[in-house]
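One structure is given below, encoded as structure tokens.
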Amino acid sequence: MEVLLFGGFLGSGKTTVINALLHNLTALGKTAAIVENEIGAVGIDDVLVAQTGLKVTPLFGGCVCCQLTADLLTAVHTIEDQVHPDVLVVEMTGLAMMDGIRDTFARYGRDTLRLHTIAVVDMARWAKLIRAMEPVVRRQLAGADLVLVNKTDVVPADPEALERMSQLAGGSPCRTLSARDMAPGSVLALIREVTE
Amino acid sequence: MGHEHEHHHEHAHGHDCGHDHSHDCACGHHHGHSEAERLVEDALVLSKTWSGEAGQPEQLARKLQSGLEVLGKLLEEDGIILGHLKGLLRCGTACLACSVTRADAQDLTPSPDWPPAGPCPWTLTVTVLSLCHQELVTEKTLDKLFG
């Protein structure tokens with residue numbers, strides 16, 4: 001099973017990017033399952049996914065809460081066994097550290113999982129976030145196979161920033177986008193540049 | 001964040017977000033934590049839902065937006081939110097989401113059937129996530145703005 005794991009700082013646009021991706025996948029006739037991880041007593045992101053016109057079938061009574069990577073891995077294995085989607089999309093919380101989660105998948109995940117990690121970065125806040133929250137941002141980019149630089153309609157991406165992001169992601173490529181205003185298929189195309 | 005204790009620390013890079021980092025945590029288990037983990041464990045996480053039987057969608061939407069604007073001004077650091085403010089208003093089957101990551105902007109995402117005709121049953125959920133100025137917003141603040 002292909003697993004697309006999305007991370008990135010709070011408010012970077014992960015849910016918007018994922019919504020676009022899910023539309024891309026379903027337009028191609030693929031089945032996709034999604035695991036939403038969200039901080040807070042009441043979920044908002046899952047409602048946003050369900051409101052985009054996709055047919056959403058809740059699993060496990062409607063909620064998979066994965067604050068810990070061990071819980072997440074159990075959920076992923078269960079979905080592989082019981083649902084068999086073409087693609088499993090996992091949205092991590094905006095406080096999750098990509099490097100740690102990737103490490104958990106590498107150590108304890110099944111060999112049948114084809115994991116691709118994608119970090120979403122908010123270009124509009126990048127310069128200030130990297131100054132104020134560098135330790136967090138650094139670990140959210142470490143271990144990413146691809147960096148999607150979002151909100152470039154608000155602040156255009158500059159080469160120096162992209163180079164820094166790529167460096168923090170261990171040399172992985174950066175691709176710019178505006179998740180709210182994209183051509184159909186473009187998110188999937190960006191991801192497939194790296195995964196195929 | 002699932003922790004019973006608060007963690008206090010010094011920010012790297014001379015960042016001053018205005019809250020107290022001076023006293024040591026005595027919880028006894030965090031000493032191996034990285035700077036990133038300490039920052040995350042200090043995060044403010046507040047989430048609350050209000051509901052009613054007969055609300056006017058446009059009026060509730062204004063309340064959501066104005067409340068988030070106030071929160072944005074309280075929590076902003078150098079013009080941005082070091083976190084995420086989110087609101088979801090559901091009126092009948094329609095909904096309106098509002099996301100704030102910068103003090104001067106709100107991203108609105110309405111469902112295709114927004115705004116519905118009122119009055120209608122409604123729920124309003126607001127989530128505040130902030131790694132800065134944590135002491136400035138409490139449940140009481142949210143009740144005052146959205147309750």
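What to note about this one:
- Sorting A:Thr117, B:Thr138 by the number of Cβ atoms found within 10 Å of their own Cβ, with the fewest placed first, yields B:Thr138, A:Thr117.
- Per residue of B:91-98, other chain Cβ atoms within 10 Å of the residue Cβ number 2 on average.
- Segment B:Thr49-B:Glu135, extension gain: residue separation times 0.36 nm, minus the distance between their alpha carbons: 28.9 nm
- Cβ-defined net charge surrounding B:Lys144, 13 Å radius [Lys, Arg +1; Asp, Glu -1]: +1
- Each Lys and Arg contributes +1 and each Asp and Glu -1, all at the Cβ; summed about the Cα centre of chain A, the dipole is approximately 260 debye.
- Here the relative contact order of chain A, from alpha carbon pairs under 8 Å that lie six or more residues apart, stands at 31 percent.
- Cα-based convex hull volume of chain A per residue, rounded to whole Å³: 117
- In degrees, nearest ten, helix A:186-195 long axis to first principal axis of chain A (Cα): 90
- Gyration tensor verdict on the range A:108-196 (Cα atoms; rounded if a/c is under 1.5, prolate if a/b is larger than b/c, oblate otherwise): oblate
- Entries of B:Lys86/B:Lys144; A:Lys151/B:Lys63; B:Lys48/B:Lys144; A:Lys14/B:Lys144 with Cα pairs more than 20 Å apart: A:Lys151/B:Lys63; A:Lys14/B:Lys144
- Peptide A:136-148 has a mean shielding of 2, counted as Cβ atoms of other protein chains within 10 Å of each residue's Cβ.
FYI, it's all coordinate maths here, none of it is from the lab. From a predicted model like this one, the values you see are computed outputs, not experimental measurements. Glycine also receives a Cβ, built like all others from the backbone with ideal geometry; neighbour counts cover every protein chain displayed.
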